[in-house]
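Novice: Dropping a structure here in C-alpha cells format, bear with me for questions.
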Amino acid sequence: MPIQFLLLNPPPNTYRPPMHWQKVTVIGVGLLGGSLGLALKQRRLAKTVVGYVRRPASIVECETLGVVDRALTDLADAVKETDLIVLCAPLGQMRELAERMIGSLKPGALVTDVGSVKAVIVQELEPIIAKGGGEFIGSHPMAGAEKTGPGSARADLFVKAVCAVTPTPNSTNHAISIIEELWRSVGALPLRIAPDQHDDLVSRSSHLPHVVAAELSNYVLSPVHPKEQALLCANGFRDTTRIASGSPEMWRDISLANQRNLARVLGVFIEDLQEFRLALENDDRKAIEEFFAQAKQRRDQWSGQGTSPE
C-alpha cells in the first residue's frame, strides 16, 4: 500500500468541519490516553469522553485532572453505546481487552489504538473486533514523552505530530476516513501506511533509539565506573538518554512485538559502529570526519523539514 500524506488543513473548497462524536471511550488513561481525552474535551469533539482504568484510585485522579468526563473500572460499561474506542493500553494487554469488550460493542463501533507496533496488533485485533460487530483500524501517533500517567497529559500533545493510520484490504473507506479525521481533529497529520511498512520504518526511527539510549544509560552510569563519571555527564548525555526514562514494561512489549525488524536494524547499527571503530583504530582522519559530517548534514536536513515535532 503506498504511503499517503493527508493535509492538516485541506484547501478551502474541500474544508469539512471537525467530526463530532456522541461518546468516545479511551481504554487506558495514561499520557497518550489522557492527552487524547483532554484534546477531545477542549476541542468539543465529543459529547462524552469516558476512560477505562484498572484501579479505583485512578477514577478520582482522572476526573480531578479533567482528562475524561467519567472514569470507570467496568470495561463493558465503559464501551457500551460508544461510537469510537481508542485502545491506549500497553501492547501486551490489547488482545485481552479486545476479547473482553466485544460482547458489549455497539453495532458499527469503530476501534483504533495508539500502539507503537502495528502488524501484530492489526492481525490480532481486526478479526476480534469484526466478530463483535465493529471495525478496527490501527493508528500510531508519533508523539509522547518519557513521562507517564494522566498527570503528564497535554491537550496539545498531538499537534503537528505525524500519526500513522494502518488500514488493511479488509478496511472500509468510511472507517479509514473517520479514524484519519479523529487524528486530524486533534491537530495531528495522518499518514496512511501499511502495517508491515510502518513496523519496518519505526524499528529504525523509534525503537532503535530507545535501545541505544537505554544502553548508553546502562553502560555510562554503571556502578563499576568511578563516582566522578556521573558528574561529567552533561547536557549532551542528558539529551541523548532522555527517552531511557520511559516505561520498561512498555518498551519490553514493543521490542518483543517488533523483534524481527528491531534485531535486523540492530545488526546494521552494530556493523556501522564497528566500521567507525576500525577507522578510529587506523587513525583514518578522513573517514572519521566524513562520519560526523554526513550525520550533521542528514540531521540538519531532517530537522529543517518540520515533518515531526522535536
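Novice: To the nearest 20 debye, what charge dipole does the chain have about its Cα centre, counting +1 at the Cβ of each Lys and Arg and -1 at the Cβ of each Asp and Glu?
Specialist: Working: 33 positive and 35 negative charges, 178 e Å.
So the dipole magnitude of the chain works out to roughly 860 debye.
Novice: When ligands, DNA and RNA are left out and all protein chains stay put, how many square angstrom of accessible area per residue does the chain have with a 1.4 Å probe?
Specialist: On the way: 16930 Å² over 310 residues.
Accessible area per residue: 55 Å².
Novice: Express in whole angstrom the spacing between the alpha-carbon centres of segment 81-97 and segment 117-159.
Specialist: That distance is 7 Å.
Novice: Can you give the accessible area of residue 47, probe radius 1.4 Å, in Å² rounded to 10?
Specialist: In the full protein context, residue 47 sits at about 140 Å².
Novice: Okay, moving on. Between the helical axis of 285-305 and the dominant principal axis of the chain, each derived from Cα atoms, what acute angle in degrees is found, rounded to the nearest 10?
Specialist: 20 degrees
Novice: Show which aspartates and glutamates lie in cross-link reach of residue 106 when reach means a straight Cα distance below 17 angstrom and same-chain residues fewer than eight apart are skipped.
Specialist: Answer for residue 106, where 17 Å is the Cα cut-off: 74, 77, 81, 83, 126, 135, listed by chain and number.
Novice: Using label points projected 7 Å from each Cα along Cα→Cβ, tell me how many nm separate residue 284 and residue 43, to one decimal.
Specialist: That separation, rounded to one decimal, is 4.9 nm.
Novice: Additional query: For segment 216-288, take every pair of Cα atoms, bin their distances at 5 Å starting from 0, and report each bin as a whole percent.
Specialist: Once binned at 5 Å, the Cα pair distances of segment 216-288 give 3, 12, 13, 15, 21, 20, 11, 4, 1.
Novice: Okay, next question. Set the bar at 30 Å for Cα to Cα. Now go through 147/227; 227/286; 160/227; 118/160; 23/160 and name every pair that lies beyond it. Spell out each step's value before the answer.
Specialist: Details: 147/227 27 Å; 227/286 35 Å; 160/227 42 Å; 118/160 21 Å; 23/160 25 Å.
Going by Cα-Cα distance, 227/286; 160/227 fall outside the 30 Å limit.
Novice: Using alpha carbon centroids, what distance separates segment 281-295 and segment 193-257, in Å?
Specialist: 25 Å
Novice: Run the accessible area of the chain with a 1.4 Å probe and give the carbon-and-sulfur part as a rounded percent. Could the numbers behind the result be given before it?
Specialist: On the way: 9220 of 16930 Å².
Here it works out to 54 percent.
Novice: Please determine, in degrees from 0 to 90 and to the nearest 10, the orientation of helix 208-220 with respect to the longest principal axis defined by the Cα atoms of the chain, where the helix direction is its Cα long axis.
Specialist: Orientation of helix 208-220: about 50 degrees from the principal axis.
Novice: Right, something else. Under 5 Å between amide hydrogens, which residues at least 5 positions from residue 27 or on another chain qualify, with H placed 1.01 Å from N in the peptide plane?
Specialist: Placed amide hydrogens put 52, 86, 87, 88 under 5 Å from residue 27.
Novice: Over the Cα atoms of the chain, how large are the radius of gyration and the largest Cα-Cα distance (Dmax), in Å?
Specialist: For the chain, the Cα-based Rg and Dmax read 21.2, 68 Å.
Novice: Then there's this: What FRET efficiency, computed as 1/(1 + (r/R0)^6) with R0 = 51 Å and r the Cβ-Cβ distance, is obtained for residue 227 and residue 70, rounded to the nearest 0.05? Each step should come with its number before you reach the end.
Specialist: Values: r = 50 Å, r/R0 = 0.98.
That pair, residue 227 with residue 70, gives E of 0.55.
Novice: Ok, one more. Relative contact order for the chain using alpha-carbon pairs under 8 Å, separation at least 6, rounded to a whole percent? Could the numbers behind the result be given before it?
Specialist: Numbers: 519 pairs, mean separation 54.4, N = 310.
Relative contact order here is 18 percent.
Novice: Can you list residues from other chains, or at least 5 along the same chain, whose modelled amide H is less than 5 Å from the amide H of residue 48?
Specialist: 23, 24
Novice: Can I ask one more? Please list, in chain and number order, the residues 5+ apart from residue 138 or on another chain whose amide H is under 5 Å from its amide H, with Hs placed from the backbone.
Specialist: Hits under the 5 Å cutoff: 166.
Novice: Could you work out [θ]222 nm for the chain from helices alone, using -39500 (n - 2.57) per DSSP H run of at least four and dividing by all its residues? Round to the nearest 500 deg cm²/dmol.
Specialist: Numbers: 13 runs with 150 residues, N = 310.
It comes out at -15000 deg cm²/dmol, rounded to the nearest 500.
Novice: Relative contact order (percent) for segment 147-303, with alpha-carbon contacts under 8 angstrom and 6 or more residues of separation? Each step should come with its number before you reach the end.
Specialist: Numbers: 97 pairs, mean separation 31.5, N = 157.
It rounds to 20 percent for segment 147-303.
The values are calculated or read from the model by the stated rules, or taken from the named source; none is laboratory data. The shown structure was predicted, so the numbers you read here are calculated from the model rather than taken from an experiment. When we count neighbours, we look across all protein chains shown, and the Cβ atoms used for this are built from the backbone with ideal geometry, even at glycine. These area figures cover heavy atoms from the full protein model, side chains too; ligands, DNA and RNA do not enter into them. Shrake-Rupley method; radii C 1.70, N 1.55, O 1.52, S 1.80 Å.
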